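The values are calculated or read from the model by the stated rules, or taken from the named source; none is laboratory data. What you see is a predicted model, and the numbers here were worked out from it, not measured in a lab. Every residue, glycine among them, receives a Cβ derived from its backbone with ideal geometry; neighbour counts consider all protein chains shown. Quick note on the areas: whole protein, heavy atoms, side chains included, nothing else; ligands and nucleic acids left out. Shrake-Rupley method; radii C 1.70, N 1.55, O 1.52, S 1.80 Å.
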Amino acid sequence: MTQTRRDFLASVAMGTLSAALPLDAAQALSASQNQTPGAPPAFGTAQPVGPEVTARTFSEAEKLVQIEMSPADRAQAAGNWREAIAPLYERRTGPRKMELEAEIAPATIWNPMLPGLIPGESGRGESYYIRSADPRAPLPANDADIAYGSVAQLSRWIQARQISSERLTHIYLDRLQRFDPNLHCVITLTRDHALEQARQADAEIAAGKYRGPLHGIPWGAKDLLDTAGIPTTYGAEPYRNRVPKKDSAVVERLNAAGAVLVAKLSLGALALNDIWFGGQTMNPWLLEEGASGSSAGPGASTAAGLVGFAVGSETGGSIVSPSMRCGVTGLRPTYGRVARTGAMTLCWSLDKLGPMARYVEDTILVLAAISGPDPGDVASVPSSLAFDANAKVAGLRVGYFPAWMKESPATDVDRAALEVVKKLGMEPVEVSIPDWPYDSLNLILFAEGAAAFEELTLAHKEAELKAQVSDAWPNTFRQSRFLSAVDFVQADRMRRKVALEMARVFSQVDLLLVPSLRDEMLVITNNTGHPSLTLRAGFVEVSEARSDWAPDPQHPLPKFSPPRRVPHGVTLIGRLFDEGTLCEVGIALERAFAVASERPAGF
């Protein structure tokens, strides 16, 4: 029983409680001070708090949540709002304010595994990895050719001691310093830290202590992964001087794998799009447009050959979109596979951390190193990962949506990819999903995001962010205070229904091939937790720069005549925890497309 209810009950006359409860609060509080023994607490009986509200208040509020009340309903709601509902905000408004530390996750946990499925299991048995790359391949004489090498090949050269980690690290550090003024993809260059790690890697390898394929490989972290003693800024002005004391779980695991951190890479502020406090991260293939986001720095730096690989994050498209724009490969893991301990939280039930690289095989190498649960992430689970770089893919069933392939955002590249699927002996299978309002699920994203940054918003520090347009986080976080809690619960139920529908689809196919930026599939699979692999499949021509932001007539985008040639990718969606099959098909497609090795001019 809360203090307010005890206070109320103590003020109610014996024998009159059941009659008093429906009365106006003022009448109830005027009753005698005796409490009826055994009387239960009741809703709507707290001391009145907060500003006065009237029926007109509710009439205006109805416009925000798109419901309609009768005049009598409005009058009744206003009559006891200050006693029944306003006190529920005490956690935030006081007097007993309660702090919710950043590491406190919601009590409810999204579990993408439906009844009958085992969390973390793909159905392929124990974990194993069979990599490719020729250990006898000669080391190129040109530093740029080395920099653009695949992680699989770089690892062979380092293991064979054809190149030292220190030399490779110097190559990437020099390229980061040389090209970042054009790309704005680096927030913090970790030169001293990187060279120390590289020298340690060389000493261990020389001593016969080879840790595996990431040993000595330079990489970049999206700047929402905590790094002990190194600034982790979230790309946002209020956090630009934030220096964590501990490494995130992913950084710890890559340290254990012997990888070398060369840079903290840019992200759109608080993981939205590609504008951060240092400017806008640009696309190496088309410097007149942004790199897309929010994993903008990982996309741009990987495409420009400034890192061996990077780790990005996705909540609603932040690995897929920059991978598309910058022509790199992005692997968004199954929700729960990679622990997010020490990573910035945007949405507890949606955030995922995953690798971005130039080749498919590289992403699975990284995923193998960073997978696994951690006590700090209550949604993380143990999982297996089976991958064979030379696996046969013939006979696999690849689902596709016929109507989607005929309309934007699909292109001739997407349609050609479907033909390649056939040539590789896989079976294209037409699939469909109901015509439901999938964007309604974004209520979950907005509500969780506003909750994660409640303190920032209520202190009005969101006004410090560079991007203040209507579709940027500051306005969205403020608007989200007015989302309906009832609709949030209903969106969560809808999420489960959509997950059941996706289970039906995957009972018919082994994986899906979809246009990468098809909005329905981005929303659906980020909410259901299915893994995705975005890879370059060809090139298209654009006559106007692309932007993540809503159109702004006051700031038109650059136009090009003649059109510019840029990379275009397709996206594969896999079964839960079956990233192995996803990447086996991905590497087969990558070899057939034969476009992954082309580089942006000038880099």
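Filtering the stretch 305-335 down to residues that are hydrophobic (A, V, I, L, M, F, W, C) and out of contact with any Asp or Glu (no Cβ under 9 Å at 6 or more places or on another chain), which residue is nearest to Ser532 (Cα to Cα)? Within the stretch 305-335, the match that is nearest to Ser532 (Cα to Cα) is Ile319.
Conditions tested, residue by residue: (1) crowded, with 24+ Cβ neighbours inside 10 Å; (2) at positive phi; (3) within 14 Å of the chain's Cα centre (by Cα).
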| site | (1), (2), (3) |
| --- | --- |
| Gly327 | yes, yes, no |
| Ala339 | yes, no, yes |
| Pro373 | no, no, no |
| Pro382 | no, no, no |
| Ala386 | no, no, no |
| Val393 | no, no, no |
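Of all residues in the stretch 266-298, count the ones that are outside any loop (DSSP other than H, G, I, E, B), open to solvent by less than 10 Å² (accessible area, probe 1.4 Å) and not small (Gly, Ala, Ser). It would help to see each step written out before you state the result.
As a first pass, look at the stretch 266-298 and keep what is outside any loop (DSSP other than H, G, I, E, B): 275-276, 279-280, 282-283, 286-290, 296-298.
Of the ones still in play, those that are also open to solvent by less than 10 Å² (accessible area, probe 1.4 Å) are 283, 286, 289-290, 296-298.
Keeping just the survivors that are not small (Gly, Ala, Ser) gives 283, 286, 289, 298.
Number satisfying all stated conditions: 4.
What residue, among those in the stretch 253-278 that are over 21 Å from Pro213 (Cβ atoms) and of a type in the set (S, T, N, Q), is nearest to the chain's Cα centre (by Cα)? Looking at the filtered set, the residue picked out is Asn273.
Filtered by the rule that a residue be open to solvent by less than 70 Å² (accessible area, probe 1.4 Å), of a type in the set (Asp, Glu) and in contact with a helix residue (DSSP H, G or I) (Cβ under 8 Å, 6 or more places away or on another chain), the stretch 125-170 gives Asp134, Glu166. Does Leu365 qualify as being more than 21 Å from Ser266 (Cα to Cα) and crowded, with 24+ Cβ neighbours inside 10 Å? Answer is yes for this residue.
Tallying residues that are surrounded by 23 or more Cβ atoms within 10 Å (Cβ to Cβ) and of a type in the set (Asp, Glu) within the stretch 181-216 yields 0. Determine which single condition Leu441 fails, assuming it passes every other condition in (1) without any contact (Cβ under 8 Å) to a residue 40 or more places away in the chain; (2) open to solvent by less than 40 Å² (accessible area, probe 1.4 Å); (3) of a type outside the set (Val, Ile, Thr); (4) closer than 30 Å to Thr233 by Cα. Going through the list (1) without any contact (Cβ under 8 Å) to a residue 40 or more places away in the chain; (2) open to solvent by less than 40 Å² (accessible area, probe 1.4 Å); (3) of a type outside the set (Val, Ile, Thr); (4) closer than 30 Å to Thr233 by Cα, Leu441 breaks only (1). Condition check for Trp219 on (1) under 26 Å from Asn142 (Cβ atoms); (2) open to solvent by 10 Å² or more (accessible area, probe 1.4 Å); (3) not in a helix (DSSP H, G or I): one failure, at (2).
Would you confirm whether or not the stretch 448-470 contains a residue that is of a type in the set (Ser, Thr, Tyr) and under 27 Å from Phe58 (Cα atoms)?
Of the residues in the stretch 448-470, the ones of a type in the set (Ser, Thr, Tyr) are 457, 470.
Narrowing further to those that are under 27 Å from Phe58 (Cα atoms): 457, 470.
Yes; the residues of the stretch 448-470 include at least one that is of a type in the set (Ser, Thr, Tyr) and under 27 Å from Phe58 (Cα atoms).
Can we say Phe477 is within 30 Å of Glu464 (Cβ to Cβ), surrounded by fewer than 24 Cβ atoms within 10 Å (Cβ to Cβ) and not aliphatic (A, V, I, L, M)? Spelling it out, Phe477 is indeed within 30 Å of Glu464 (Cβ to Cβ), surrounded by fewer than 24 Cβ atoms within 10 Å (Cβ to Cβ) and not aliphatic (A, V, I, L, M). Which ranges mark the strands (runs of 3 or more DSSP E) fully within the stretch 497-601 that have 2 or more residues being polar (S, T, N, Q)? Of the strands (runs of 3 or more DSSP E) lying wholly inside the stretch 497-601, those with at least 2 residues that are polar (S, T, N, Q) span 532-544, 559-574. Helices (runs of 4 or more DSSP H) fully within the stretch 401-465 that include at least 2 residues being among the small types (Gly, Ala, Ser), touching a His at 6+ places or on another chain (Cβ under 8 Å) and farther than 22 Å from Asn527 by Cα: none found.
Out of the stretch 469-487, which residues are farther than 25 Å from Ala269 by Cα and touching a residue at least 24 places away in the same chain (Cβ under 8 Å)?
Passing the criteria: Ser484, Asp487.
Selection of the stretch 406-461 for residues being touching a helix residue (DSSP H, G or I) at 6+ places or on another chain (Cβ under 7 Å) and of a type in the set (Ser, Thr, Tyr) yields Tyr438, Ser440, Thr457. If the condition is being open to solvent by less than 70 Å² (accessible area, probe 1.4 Å) and either of a type in the set (S, T, N, Q) or under 21 Å from the mean Cα position of the chain (by Cα) (or both), then the stretch 547-567 contributes Ser547, Asp548, Trp549, Ala550.
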